[in-house]
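Trainee: A single structure is presented below for examination.
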Amino acid sequence: MNFKEALTTLPQYVLPHHALSSLMSKLTHCENKTWKNLFIKQIIKHYGVNMDEAREPDINAYKSFNHFFTRELKPGVRPLSSERNAIVCPADGAVSQAGDITDGQIFQAKGKSFTATDLLGGDADRAEPFNNGIFTTIYLSPKDYHRLHMPLTGTLREMVHIPGRLFSVNGATVNSVPGLFARNERVAAIFDTEVGPMALVLVGAIFVSSVETVWHGVVTPPSITTVQNWQYGDDDAPTLKIGEEMGRFNMGSTIIVLFGKDKAEWDAEFKAGKEVKLGELIGRVVG
């Protein structure tokens with residue numbers, strides 16, 4: 001950890017993460033027109049948000065900042081890859097890491113790793129299908145589209161809400177906080193696909209107090225103290241097609257995707273640091 005990273009990271013250990021996120025949630029859901037328009041304008045200007053891609057480009061049409069932040073895109077601006085056996089990008093963002101899950105370990109940064117078991121809530125049986133498989137971690141910045149979509153068609157088997165902290169997920173913190181993505185509060189969705197289980201893990205972060213899925217609605221808040229899970233059977237298990245919306249962040253964070261051993265492979269150009277767009281080819285199923 002260098003000096004700059006220390007200045008960014010160390011104060012976060014003592015911050016009241018969930019209290020700050022609760023406060024931010026109230027501010028971002030405020031429907032005061034003057035306040036929400038000022039907030040929206042500042043974010044657009046500071047981060048260079050491309051409103052030409054939004055289904056609704058007029059900021060006055062958004063009832064709150066959060067309504068703007070989770071805005072829809074115009075039809076057709078994120079075409080879905082038509083390549084055979086494609087795995088498509090689940091979000092706009094940047095690749096933090098992509099690679100192998102080696103003996104249950106997932107690489108984070110600068111010699112830091114965490115286990116798939118910890119990421120998925122401490123259940124070794126839940127994590128076992130992903131041992132020696134592949135993973136990717138994709139970071140969504142404030143400028144990005146914040147809805148999440150299916151990389152591959154799948155039928156939901158289980159959803160898990162896992163308690164934790166809400167450290168920032170920026171580069172300095174990722175480089176500095178051991179096991180960051182397995183420490184932050186998160187929601188994991190396990191799908192059955194044509195190549196076996198696929199896990200989509202929606203990781204919260206500071207000022208990110210709400211994660212939603214299309215089948216459940218808001219999962220968090222409230223925050224919890226123990227792992228909570230939902231099982232889905234033949235009668236109530238939704239099947240979502242490749243490219244369909246599966247959830248969203250109310251404020252931005254990170255999605256982690258896991259596949260099992262010899263089931264999928266990432267594209268050669270899909271690697272750490274690459275900026276990506278929803279729907280583009282990032283890998284292929286094997287077989």
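The values are calculated or read from the model by the stated rules, or taken from the named source; none is laboratory data. Please read these numbers as outputs of a predicted model, since none were measured by experiment. Cβ placement follows ideal geometry from the backbone for every residue including glycine, while neighbour counts extend to all protein chains displayed. Heads up: the accessible areas ignore ligands, DNA and RNA and are worked out on the full protein's heavy atoms, side chains in. Shrake-Rupley method; radii C 1.70, N 1.55, O 1.52, S 1.80 Å.
Trainee: For a quick check, take a GNM of the chain with Cα springs below 10 Å and name the residue from MET150, MET51, MET251 with the largest mean-square fluctuation.
Mentor: MET51
Trainee: Using a 1.4 Å probe on the protein heavy atoms, what percent of the accessible area of segment 190-287 belongs to carbon and sulfur?
Mentor: 47
Trainee: Choose one of ALA124, THR137, HIS161: the residue whose Cα lies farthest towards the positive end of the charge dipole of segment 109-219 (beta-carbon charges +1 Lys, Arg; -1 Asp, Glu; about the Cα centre).
Mentor: So the residue we want is THR137.
Trainee: Another question, then. Output ³J(HN,Hα) for segment 229-237: one whole-Hz value per residue in order, computed from phi by the Karplus curve 6.51 cos²θ - 1.76 cosθ + 1.60 with θ = phi - 60°, and x for Gly and Pro.
Mentor: Rounded to whole hertz, the list is 9, 10, 9, 10, x, 4, 7, 10, 8.
Trainee: Whose amide H sits under 5 Å from the amide H of GLU212, counting only residues 5 or more places off or on another chain, with H placed in the peptide plane?
Mentor: When sequence neighbours closer than 5 places are left aside, the close amide H contacts are VAL219, ARG248, ASN250.
Trainee: Using mean projected area of the Cα convex hull in nm² as the read-out, say which of (i) 12.3; (ii) 14.9; (iii) 13.2 was calculated from these coordinates.
Mentor: Read-out taken from this structure: (ii).
Trainee: A further question follows. Which of GLY111, GLY99, VAL174 sits closest to the plus end of the dipole of the chain, meaning its Cα is farthest towards the positive end, when Lys and Arg get +1 and Asp and Glu get -1 on the C-beta?
Mentor: Final value for the positive-end residue is VAL174.
Trainee: Mind checking the per residue accessible area of the chain for me, 1.4 Å probe, whole number of Å²?
Mentor: Accessible area per residue, the chain: 45 Å².
Trainee: Follow-up question, since we're still on this one. Roughly how much of ARG157 is accessible, in Å² to the nearest 10, using a 1.4 Å probe?
Mentor: 70
Trainee: Moving on. Check which residues have an amide H placed less than 5 Å from ALA54's amide H, if you skip close sequence neighbours.
Mentor: LYS74
Trainee: Another one. Would you kindly state how much longer the chain becomes between GLU265 and LYS277 on full extension, computed as 0.36 nm times their sequence separation minus their alpha carbon distance, in nm to one decimal? Intermediate values should be presented prior to the final figure.
Mentor: Details: separation 12, 0.36 × 12 = 4.32 nm, distance 1.82 nm.
Length gained between GLU265 and LYS277: 2.5 nm.
Trainee: For the chain, what is the calculated [θ] at 222 nm in deg cm²/dmol (nearest 500), taking -39500 (n - 2.57) for each run of four or more DSSP H residues and dividing by its residue count? Working shown, then result.
Mentor: Details: 7 runs with 53 residues, N = 287.
Counting only the DSSP helices, I get -5000 deg cm²/dmol.
Trainee: Taking all protein chains in place and a 1.4 Å probe, what share, in percent, of the accessible surface of segment 105-188 do carbon and sulfur account for?
Mentor: 49
Trainee: OK, next. In whole Hz, with x marking every Gly and Pro, tabulate ³J(HN,Hα) for segment 177-190 from phi via Karplus 6.51 cos²θ - 1.76 cosθ + 1.60, θ = phi - 60°.
Mentor: 8, x, x, 3, 6, 9, 10, 6, 4, 7, 10, 10, 10, 9
Trainee: Tell me, what is the FRET efficiency for ILE43 and LEU73 to the nearest 0.05, using R0 = 22 angstrom and their Cβ-Cβ distance as r?
Mentor: Details: r = 17 Å, r/R0 = 0.76.
Once rounded, the FRET efficiency stands at 0.85.
Trainee: Please state the charge dipole magnitude for the chain, taken about the Cα centre, from unit charges on C-beta atoms (+1 on K and R, -1 on D and E), reported in debye and rounded to the nearest 20.
Mentor: Dipole size: approximately 1160 debye.
Trainee: Then there's this: Once amide H atoms are built 1.01 Å from N in the peptide plane, which residues 5 or more positions from GLY283, or in another chain, come under 5 Å H to H?
Mentor: For GLY283, the qualifying residues are ILE87, ASP267.
Trainee: Suppose every Lys and Arg Cβ carries +1 and every Asp and Glu Cβ carries -1, with no other charges. What dipole size does segment 120-233 come out with about its Cα centre, to the nearest 20 debye?
Mentor: With only Lys, Arg, Asp and Glu charged at Cβ, the dipole is about 380 debye.
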